[in-house]
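The values are calculated or read from the model by the stated rules, or taken from the named source; none is laboratory data. All of these numbers come straight from a predicted model, not from anything done at the bench. Backbone-built Cβ (ideal geometry, glycine too); neighbour counts: all protein chains shown. Protein only, heavy atoms only, side chains kept; ligands, DNA and RNA dropped before computing areas. Shrake-Rupley method; radii C 1.70, N 1.55, O 1.52, S 1.80 Å.
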Amino acid sequence: MDSDAGHDHNATGKKVAVITGASSGIGAATARLLAEHGFHVVCTARRLARLQELADEIGGSAVRCDVTDPRSVAGLSEAVGSRVDVLVNNAGGAVGLEPLAEADFDAWRTMYDTNVLGAAQVTKALLPALEAAAGTVVFITSTAAETSYEGGSGYCAAKSAERAMVGSLRLEIVDRPVRVCEISPGMVHTQEFSLVRFHGDQSKADDVYEGVAERLVAADIAECVRWSVSLPSHVNIDRMVVRPRAQAANHKVHRSS
Ligand code: 8X3
């Protein structure tokens, strides 16, 4: 789907993209890129002030939404209207890197709520609008769903569950005109992902990317989303695994220092 081609759907005369977790990182980068490519972008997240700033910058709209709260999701669905061309389920993330023996199950619940139930709730709510527009739903999962790693039990489990859900959804709606895509990023240097994972410890967060010369950044994943949703509508990118060249596998990262 080219954003300049096909039918225009909303009052702005543009195709509509809804992005969750748009207040930072991959979500914000994707919002900027899709806006550049002609979409009216509905930016959603919990932090309204940041969202509003982004929406003003890109000529989109800001809708506060907590993907874990059904009423909030219902409000989002009402706000976006009856046609949605692209939904990017990006809200989520990792909390903690403790081994299972020291697991904090509140953190696990948060990860399951945001990465799995959150993405499921938003998708369920917007599916009729996606179908009306013959749209595309993109799930931003993680290479944590490719292979388990030490300390990743809660996050690997949540992202694997999200992946399983994506697979079921694609099977369930094969007779409908909605593409179901998964983009599975590896190590992406964003301001917040590792900072949140390490409960605000900047030095631990920085260590994750230490010595990696050419880092993957949010804009790289945004480009993968843009490309996936811009292909002709019969082309479905089931899953795209994206890592920096220096990361040959979850555990295999080349560092220069
Ligand atoms: C981000 C990749 O390796 O931190 O989702 O799980 S990793």
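Key figures
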quantity: Flag if Ser228 is surrounded by 14 or more Cβ atoms within 10 Å (Cβ to Cβ), among the polar types (S, T, N, Q) and within 15 Å of the chain's Cα centre (by Cα); calculated: yes
quantity: The stretch 168-197, residues that are within 16 Å of the ligand (Cβ to nearest atom) and charged (D, E, K, R); calculated: Glu182, Glu192, Arg197
quantity: Residue selected from the stretch 132-146 under the condition touching a Cys at 6+ places or on another chain (Cβ under 8 Å) and touching a residue at least 40 places away in the same chain (Cβ under 8 Å), by the criterion nearest to Gly118 (Cα to Cα); calculated: Phe139
quantity: Residue match in the stretch 93-105 (condition: within 20 Å of Asn236 (Cβ to Cβ) and over 13 Å from the mean Cα position of the chain (by Cα)); calculated: no
quantity: Number of positions in the stretch 198-218 that are more than 16 Å from the ligand (Cβ to nearest atom) and either open to solvent by 60 Å² or more (accessible area, probe 1.4 Å) or polar (S, T, N, Q) (or both); calculated: 4
quantity: The stretch 202-216, residues that are more than 18 Å from Arg243 (Cβ to Cβ) and in contact with a helix residue (DSSP H, G or I) (Cβ under 6 Å, 6 or more places away or on another chain); calculated: Ala205
quantity: Test: residue in the stretch 187-197 that is of a type in the set (Ser, Thr, Tyr) and open to solvent by less than 10 Å² (accessible area, probe 1.4 Å); calculated: yes
quantity: Contacts under 6 angstrom Cβ, first residue in the stretch 150-171 being open to solvent by 10 Å² or more (accessible area, probe 1.4 Å), partner more than 11 Å from the ligand (Cβ to nearest atom) and outside any helix (DSSP H, G or I), 6 or more apart; calculated: Gly151/Pro99; Leu169/Val180; Arg170/Val180
quantity: Qualifying residue in the stretch 101-113 (condition: in contact (Cβ under 8 Å) with a residue 40 or more places away in the chain, in contact with a Lys or Arg (Cβ under 9 Å, 6 or more places away or on another chain) and open to solvent by less than 70 Å² (accessible area, probe 1.4 Å)); calculated: yes
